[in-house]
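The values are calculated or read from the model by the stated rules, or taken from the named source; none is laboratory data. Keep in mind that what you see is a predicted model, and the values were worked out from it rather than measured. Note: ideal-geometry Cβ built from the backbone for every residue, glycine included; neighbour counts use all protein chains shown. Side chains included, ligands, DNA and RNA excluded: accessible areas come from the protein's heavy atoms. Shrake-Rupley method; radii C 1.70, N 1.55, O 1.52, S 1.80 Å.
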Amino acid sequence: MTHATRFAAGLLAACLVTIAAAREAAAPAPEADPKTVELIHELALPESPTALRDQPGWKAPRRIVIATANPNGTPAKDQTDPLSAVAPGVEIVAVANTEELAKQVGNADAIIGGDSAVCDPKVFDGIGKRLRWVAIMSAGVEECLGKSALERPGLTVTNMRAVAGPVMAEHTIALMFALSRSLQVSIARQATGEGWNRNFAGSQPQALDGKTLLVVGLGGIGTEVARRAHALGMKVIATRNSSKAGPDYVSYVGLPDELPTLVTQADVVVSSLPLVPATTNLFDAKMFARMKKTAFFINVGRGGSVVTDDLVAALNSGTIAGAGLDVTEPEPLPKDHALWKAKNVIISPHMSALSDLGQAARLAILREQVRRFAAGDKLLSVVDFRKGY
């Protein structure tokens with residue numbers, strides 16, 4: 001083969017590669033999964049008003065790095081393969097920990113992981129100019145608040161708000177039922193052989209039908225709690241930060257400054273609040289003193305919204321009738337902490353989002369988010385750092 005022939009063959013091969021690449025780049029983006037679209041509608045996940053491709057400086061992404069050592073516990077391959085399928089031409093890189101994420105973030109268009117991973121200072125130190133999306137795999141974003149690196153123009157931060165709402169609402173209702181039927185007393189008596197004892201002094205069983213439930217934080221979780229409580233025949237009232245609007249099964253929605261008044265009306269108070277400065281230590285001795293002595297307090301939001309010592313005192317003094325807690329301050333709660341031995345308290349280890357359904361819903365939403373990101377579409381559940389969620 002002559003030099004000219006070899007040159008022509010090489011040129012032809014290069015052209016074919018270029019044409020193939022062009023065809024791949026021009027290929028239409030994969031369609032959204034209909035079941036995921038239905039899930040998004042059910043969860044009422046908000047969509048960004050602006051498509052990514054319409055933002056200044058937008059470029060098609062080439063590389064997404066996902067920290068697989070986040071709370072979902074799913075094997076790396078089970079996460080990356082579905083993401084690659086909806087993002088043709090985008091390299092999906094899995095890393096095992098924050099240290100590896102920090103090394104890979106420099107040339108990443110997006111990073112995915114728990115808030116403690118993606119918002120670690122080591123990761124911030126390595127952020128490059130290409131980074132356009134930070135996907136937080138939890139609803140809470142406390143570790144990312146106040147970080148100026150996340151508030152630069154062109155960078156979008158999303159979370160997983162409301163995705164665990166249905167399961168967490170079931171857990172909330174379970175805590176409410178357990179307290180109202182004094183199960184914390186009966187279960188404790190089983191261990192001592194005193195199970196057959198109908199003396200519930202200090203924890204009188206209560207009916208819930210016709211009672212009032214107050215949801216403090218009518219977001220994705222709180223709305224699911226409200227829906228279920230209404231179906232049980234309870235009157236539901238609520239507070240929310242954004243507006244006084246609410247679904248028809250909530251009889252009244254107040255703004256946060258109405259909480260001291262609304263809490264006096266409730267037989268059950270459910271906190272599903274994010275942790276921001278305005279909600280930190282919100283439930284203190286004064287707030288518990290405003291509650292009915294027969295009322296239950298349930299917290300599935302964040303432990304930091306409660307002054308723990310004040311809650312212990314309120315339980316032991318009979319200021320409130322009981323508490324169901326899936327979150328505490330501190331976490332994990334030390335073995336010798338007074339809250340463990342407080343009267344009429346049920347504590348679960350921050351596990352209200354766990355179920356036999358696993359992380360299917362969370363991963364379905366992530367897959368749709370990656371599809372949208374690769375196509376330059378509108379992302380879901382964009383974090384508003386002014387609000388803190």
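Within the stretch 238-261, being outside any loop (DSSP other than H, G, I, E, B), surrounded by fewer than 22 Cβ atoms within 10 Å (Cβ to Cβ) and in contact (Cβ under 8 Å) with a residue 12 or more places away in the chain holds for 252, 253, 254, 256, 258, 259, 260. Residues that are modelled with pLDDT of 90 or more, in contact with a Leu (Cβ under 6 Å, 6 or more places away or on another chain) and either among the acidic types (Asp, Glu) or more than 27 Å from residue 220 (Cα to Cα) (or both) are absent from the stretch 24-31. Which residue pairs have Cβ atoms closer than 8 Å, lie 6 or more positions apart in sequence or on different chains, and pair a first residue in the stretch 44-55 that is assigned to a loop (DSSP other than H, G, I, E, B) and modelled with pLDDT under 95 with a second residue that is exposed (fewer than 14 other Cβ atoms within 10 Å of the Cβ) and of a type outside the set (Lys, Arg)? What qualifies is 55/154. The set of residues in the stretch 348-367 being assigned to a helix (DSSP H, G or I) and either under 13 Å from the mean Cα position of the chain (by Cα) or buried (at least 17 other Cβ atoms within 10 Å of the Cβ) (or both) consists of 361, 362, 363, 364, 365, 366, 367. Provide a single number: the residues in the stretch 308-337 that are farther than 15 Å from residue 349 by Cβ and open to solvent by 40 Å² or more (accessible area, probe 1.4 Å). Adding up the residues that qualify gives 6. Just wondering, is there one or more residues in the stretch 148-155 that are in contact with a Pro (Cβ under 9 Å, 6 or more places away or on another chain) and either over 30 Å from residue 366 (Cα atoms) or not aromatic (Phe, Trp, Tyr) (or both)? The answer is yes, given that some residue of the stretch 148-155 is in contact with a Pro (Cβ under 9 Å, 6 or more places away or on another chain) and either over 30 Å from residue 366 (Cα atoms) or not aromatic (Phe, Trp, Tyr) (or both).
Look at (1) more than 28 Å from residue 242 (Cβ to Cβ); (2) open to solvent by less than 30 Å² (accessible area, probe 1.4 Å); (3) assigned to a helix (DSSP H, G or I) and you find that residue 203 fails only one, number (3). For the stretch 277-306, the set of residues classified as touching a Phe, Trp or Tyr at 6+ places or on another chain (Cβ under 8 Å) and surrounded by fewer than 19 Cβ atoms within 10 Å (Cβ to Cβ) is empty. Meeting the requirement of 2 or more residues that are of a type outside the set (A, V, I, L, M, F, W, C) and closer than 19 Å to residue 214 by Cβ, the strands (runs of 3 or more DSSP E) wholly within the stretch 296-347 are 322-325.
Out of all the residues in the stretch 107-124, which are under 17 Å from residue 157 (Cα atoms) and exposed (fewer than 15 other Cβ atoms within 10 Å of the Cβ)? 121 - this is the single residue of the stretch 107-124 that is under 17 Å from residue 157 (Cα atoms) and exposed (fewer than 15 other Cβ atoms within 10 Å of the Cβ).
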